[in-house]
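All remarks here apply to the structure that follows.
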Protein chains: 2
Amino acid sequence: MDNTISGFSKLSKSEKIDWLLNTYFTDQDSARTLVQQYWNSDDKLQKLHDEFIENTITNYYLPLGVAPNFLINDTLYAIPMAIEESSVVAAASKAAKFWLERGGFKAKVISTEKIGQVHFIYKGDIAKLQAFFKEVKSKLIEDTAFITKNMERRGGGILDIELRNKTEDLTNYYQLHATFETLDAMGANFINSCLEQFAVSFKTEALQFEGFTEDEKNITIVMSILSNYVPECLVRAEVSCDIEDLKSKDIPNPQQFAQKFKQAVSIAEIEPYRAVTHNKGIMNGIDAVVLATGNDFRAVEAGVHAYAAKDGKYSSLTHCSIDNGVFKFWIEIPLALGTVGGLTSLHPLVKFAMEMLQKPNAKDLMQIVAVAGLAQNFGAVKSLTTTGIQEGHMKMHLMNILNQFEATEVEKVKLVEHFKTHTVTHSAVVDAIEALRK
Amino acid sequence: MDNTISGFSKLSKSEKIDWLLNTYFTDQDSARTLVQQYWNSDDKLQKLHDEFIENTITNYYLPLGVAPNFLINDTLYAIPMAIEESSVVAAASKAAKFWLERGGFKAKVISTEKIGQVHFIYKGDIAKLQAFFKEVKSKLIEDTAFITKNMERRGGGILDIELRNKTEDLTNYYQLHATFETLDAMGANFINSCLEQFAVSFKTEALQFEGFTEDEKNITIVMSILSNYVPECLVRAEVSCDIEDLKSKDIPNPQQFAQKFKQAVSIAEIEPYRAVTHNKGIMNGIDAVVLATGNDFRAVEAGVHAYAAKDGKYSSLTHCSIDNGVFKFWIEIPLALGTVGGLTSLHPLVKFAMEMLQKPNAKDLMQIVAVAGLAQNFGAVKSLTTTGIQEGHMKMHLMNILNQFEATEVEKVKLVEHFKTHTVTHSAVVDAIEALRK
């Protein structure tokens with residue numbers, strides 16, 4: 001059987017599904033029913049979702065959950081989270097409630113600068129290139145006026161362009177390193193459009209620059225593209241309280257808890273194997289909000305993890321201190337987010353999420369997202385250093401295993417009761433179901 | 001108004017939604033209609049999705065698209081991709097087709113070892129700790145038999161446990177560093193359960209170890225947790241062909257194309273600002289398949305980016321060579337994936353995706369995912385070094401902007417035609433819509 005196909009993208013949705021089912025599925029009728037069961041009953045709404053990307057056949061569901069009681073800079077938020085992993089929303093909610101009673105979260109945007117680069121090859125005298133750049137810089141900015149006018153009207157735009165000499169790293173390699181303020185837009189399209197225009201103007205002007213020899217005029221633009229590494233687009237969030245105030249049902253001995261918590265964070269600061277998972281837990285909280293608010297989690301992930309490695313060794317994104325009887329726990333991360341443009345104004349559930357968050361601007365959203373990450377990490381490190389992570393996690397996961405075996409409500413009640421006093425492992429649950437059914 | 005709430009998690013779904021709408025929404029009726037419009041019409045199916053996480057109110061839609069024509073180790077795949085970003089599925093399909101005609105993708109799993117650690121504090125003589133570990137090691141493994149029996153029956157289990165001295169990095173800090181083979185399971189629950197059991201046995205046995213003083217017996221377990229950093233769970237994917245064979249409609253001059261492509265990859269190897277975005281593009285392909293197959297993209301992201309920073313400077317995950325007239329392009333990344341357990345057996349669309357992929361085992365899936373990342377990067381670097389990324393991207397994005405302004409079919413046809421010869425920017429599209437409607 002030949003499983004190749006030409007012109008797939010030009011087929012209708014039904015034709016695409018037909019080809020797929022014919023080519024790869026045994027029970028085509030139930031597969032077709034399944035795919036269609038996930039379509040929205042509103043055809044217009046479905047069409048909107050279909051057109052977000054190419055070759056769409058149906059909607060992949062991620063549960064949209066809510067974590068209430070987040071007090072951030074004295075405003076109360078219920079945070080929308082789109083995520084498939086159990087226990088993340090529960091942990092966020094629990095951490096929110098815990099800190100609600102202890103003054104809440106403080107968050108602050110430190111900087112909002114975005115970055116883009118035109119990468120090029122120039123074979124010639126560096127002094128001449130510098131002279132050329134000096135002469136052409138204002139022209140580069142002028143030539144983007146048709147792109148920047150709306151952004152400038154709102155107070156943003158191009159901040160600066162620098163010529164960077166990278167020839168020590170790669171022969172004849174230079175950059176136009178540009179910085180941008182994109183306000184409430186994430187800004188990828190804006191920045192890329194500016195950069196591509198810089199590249200056109202730069203190359204064109206070089207051909208006419210009298211200081212260059214014929215060879216030097218021939219600059220090669222390799223590519224023009226924004227960077228998702230945004231170490232100058234930073235937000236900080238923190239919680240703090242007197243150690244004694246950490247006392248609660250789960251924390252009978254706050255002094256001991258604080259010491260062990262700090263130890264766990266110190267370990268994540270110095271041990272990369274631990275830091276990766278520590279930060280992964282932070283990203284559980286961050287990505288869930290990033291997704292629910294229509295932002296691009298791959299961009300956020302790449303920027304955040306590169307930031308975690310910025311000092312040469314991959315390390316923790318959160319930090320903890322104990323000074324004069326005060327426990328403090330904080331995060332500082334780069335986040336390039338948008339609250340206008342892109343999916344934020346298109347996906348009806350993103351609009352819903354934005355309203356739930358009281359229509360944040362980009363800076364507000366940076367703060368909310370950073371807090372979600374910090375809360376998640378607080379919950380994870382608290383569990384890890386006290387009961388262990390499996391107790392909570394496996395109890396949540398128990399329900400999933402029961403569903404997998406299509407346990408009835410009666411079976412569920414019995415087995416949940418059973419596992420209150422037994423260790424949940426996948427095989428223990430399977431054994432228990434089988435025993436019950438015998 | 002007091003926006004705090006107690007016992008939120010114990011409310012029914014309807015009660016949760018009611019509280020949210022009352023607290024944060026102005027037009028509560030349309031918000032309720034919207035949330036419910038995203039519920040599945042099949043109540044049982046909806047309940048299944050609700051129970052994946054906590055406080056679920058509805059389903060967040062990610063478009064599920066398909067990229068056909070992937071020839072991987074001589075098998076043809078259509079790859080399911082769940083992603084909200086336009087042009088990712090189109091780029092993957094295009095790269096698949098391009099390489100289909102040039103021998104396809106070759107992929108190979110290099111290693112499959114997973115890692116977990118028990119982090120502990122020991123204040124005492126190191127030689128005694130080593131002696132204790134030597135004595136207790138086999139007991140640690142025996143005590144996990146109730147967890148490992150099913151995994152061992154299938155050929156996996158605990159590979160080894162090492163005692164690691166980390167006191168140079170942090171006072172009195174040691175690890176039990178354990179390695180695992182988890183076969184077709186991602187293994188997080190398995191590994192965490194084993195580690196927590198190690199910790200219990202280790203602490204208990206220490207209290208009885210005669211070589212220790214009373215103080216030395218008192219080992220503090222800080223935490224027990226798997227690592228998402230898996231540099232020994234590696235997969236490699238590559239494409240290659242004679243440079244002359246790169247010739248195609250888009251590539252009139254293959255020699256020049258290959259040189260510029262290699263230059264772009266070299267730049268990503270030496271410049272972190274570029275590497276982050278280069279790798280972000282790779283993750284567009286990887287996460288889309290990871291999501292569609294029910295795996296945990298935060299775990300994959302953390303492990304992959306930490307691997308990109310392993311040599312002390314954040315760098316490209318793909319590489320390119322040109323030798324003896326042969327163009328070669330490859331990726332080598334750590335991927336801990338599962339095809340059984342977790343969401344893979346619960347989410348009906350994940351089962352559908354697995355059938356589309358011809359029921360891969362974990363190694364097959366590692367190969368498919370690595371190929372999706374490589375294909376995505378090939379497409380991105382090809383666009384960047386030839387037409388620029390905005391041409392393709394903005395044309396895809398145009399449709400989204402038109403939908404946002406609820407353009408009619410007639411308006412869409414006119415504006416798509418218009419932007420075949422005009423630069424797409426957000427403001428240009430808005431102006432064009434307004435002009436058309438005047």
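The values are calculated or read from the model by the stated rules, or taken from the named source; none is laboratory data. Source: prediction; values computed, not measured. Using ideal geometry, Cβ is built from the backbone for each residue, glycine included, and neighbour counts are taken over all protein chains shown. Areas reflect the complete protein model, heavy atoms only, side chains present, ligands, DNA and RNA absent. Shrake-Rupley method; radii C 1.70, N 1.55, O 1.52, S 1.80 Å.
Ranked from shortest, the separations from the 7 Å Cα-to-Cβ label point of B:Gly155 to its equivalents in the other copies are 6.3 nm. Projecting the Cα atoms of B:Ala90, B:Asn253, B:Ser30 onto the charge dipole of chain B, computed from C-beta unit charges around the Cα centre, puts B:Asn253 farthest toward the positive end. The calculated FRET efficiency for the pair A:Asp43 and B:Arg437, based on their C-beta separation and a Förster distance of 30 Å, comes to about 0.75. Rg of the Cα atoms in the protein assembly as shown, relative to 2.2 N^0.38 Å, amounts to 0.95. Across the protein chains, with a 1.4 Å probe defining accessible surface, the residues B:Ser41, B:Ser224 rank B:Ser41, B:Ser224 from largest area downward.
Residues in segment A:354-367 carry Karplus couplings, in order, of 5, 5, 4, 8, 6, 6, x, 8, 4, 5, 4, 5, 3, 5 Hz; the curve used is 6.51 cos²θ - 1.76 cosθ + 1.60 with θ = phi - 60°, and Gly or Pro positions show x. Segment B:315-332 and segment A:273-349 have Cα centres spaced 31 Å apart. Per residue of peptide B:260-270, the mean number of Cβ atoms on other chains within 10 Å of the residue Cβ is 4.
A 1.4 Å probe, protein heavy atoms only, puts the accessible area of A:Ile191 near 0 Å².
What FRET efficiency would be calculated for the residue pair B:Val340, A:Glu214, taking the C-beta separation as r and a Förster radius of 56 Å, to the nearest 0.05? All intermediate terms of the calculation are to be shown ahead of the outcome.
Values: r = 64 Å, r/R0 = 1.15.
With R0 = 56 Å, the Cβ-Cβ based efficiency is 0.30.
A Cβ-based charge dipole, computed about the Cα centre of the protein assembly as shown with Lys and Arg at +1 and Asp and Glu at -1, lands at about 60 debye. Largest mean-square fluctuation among B:Lys247, B:Lys382, B:Lys260, in a Gaussian network model of chain B whose springs join Cα atoms under 10 Å apart, belongs to B:Lys247. Neighbouring Cβ atoms from other chains, within 10 Å of the Cβ of residues in A:184-195, number 3 on average.
Rounded to the nearest 10 degrees, what's the angle between the helix A:409-418 long axis and the longest principal axis of chain A, both from Cα atoms, 0 to 90? Taking Cα atoms only, the helix is inclined about 80 degrees. Largest GNM mean-square fluctuation across B:Ala372, B:Ala188, B:Ala206, computed for chain B with C-alpha springs under 10 Å, falls on B:Ala206.
If each DSSP helix of 4+ residues adds -39,500 (n - 2.57) and the sum is divided by the residues in chain B, what number results at 222 nm, nearest 500 deg cm²/dmol?
On the way: 16 runs with 215 residues, N = 438.
Rounded to the nearest 500, the figure is -15500 deg cm²/dmol.
Magnitude of the charge dipole for chain B, about its Cα centre and with charges confined to Cβ atoms of Lys, Arg (+1) and Asp, Glu (-1), is about 940 debye. In order along segment B:255-260, phi translates into HN-Hα couplings of 4, 5, 4, 4, 4, 5 Hz, rounded to whole numbers, per the Karplus curve 6.51 cos²θ - 1.76 cosθ + 1.60 with θ = phi - 60° and x for Gly and Pro.
Mean per-residue shielding of peptide B:19-29 is 3, counting Cβ atoms of other chains within 10 Å of each Cβ. Distance from the Cα centroid of segment A:207-263 to that of segment B:1-74 is 31 Å (rounded to whole angstrom).
Relative to the longest principal axis of the Cα atoms of chain A, the long axis of helix A:88-100 lies at roughly 90 degrees. Each other copy holds its own label point for A:Glu244; taking that point as 7 Å from Cα along Cα to Cβ, the gaps run 8.5 nm, nearest first. Selection among A:Gly285, A:Met223, A:His177 by position relative to the dipole of segment A:162-291 gives A:Gly285 as farthest towards the positive end (Cβ unit charges, Cα centre).
Write down the accessible area per residue of segment B:114-227 in Å², having rolled a 1.4 Å probe over the full set of protein chains. List each step's numbers first, then the result.
Values: 4940 Å² over 114 residues.
Accessible area per residue, segment B:114-227: 43 Å².
With the simple model of a label 7 Å out from the Cα in the direction of the Cβ, B:Gln256 to B:Lys420 spans 2.6 nm. Interface size, chains A and B: roughly 13000 Å² of accessible area buried, both sides included, 1.4 Å probe, rounded to the nearest 100.
How would B:Asp160, B:Asp242 rank on accessible area, largest to smallest, probe 1.4 Å? Don't skip to the answer; put the middle values down first.
Working: B:Asp160 60, B:Asp242 80 Å².
Final ranking, largest accessible area leading: B:Asp242, B:Asp160.
Each peptide in A:65-74, B:344-353 gets a packing score, the mean of other Cβ atoms within 10 Å over its residues, and the list from highest to lowest is A:65-74, B:344-353. For segment B:393-437, the solvent-accessible area with a 1.4 angstrom probe is 54 square angstrom per residue.
Modelled spin-label separation between A:Asp27 and B:Leu100, with each label point placed 7 Å from Cα along the Cα-to-Cβ direction: 2.9 nm. Largest accessible area first, the residues A:Glu210, A:Glu84 order themselves as A:Glu210, A:Glu84 under a 1.4 Å probe with ligands, DNA and RNA left out. Here the 3J(HN,Hα) profile of segment B:201-209, calculated from phi with Karplus coefficients 6.51, -1.76 and 1.60 at θ = phi - 60°, is 5, 4, 5, 5, 5, 4, 5, 9, 6 Hz, Gly and Pro shown as x.
The distance linking segment B:91-139 with segment A:148-193 is 39 Å (Cα centroid to Cα centroid, whole angstrom). Sorted from closest to farthest, the other copies place their B:Ser138 label points 8.3 nm away, with each point set 7 Å from Cα along Cα→Cβ. In segment B:114-227, the portion of solvent-accessible area held by carbon and sulfur atoms comes to 47 percent [1.4 Å probe, whole percent, DNA, RNA and ligands not counted].
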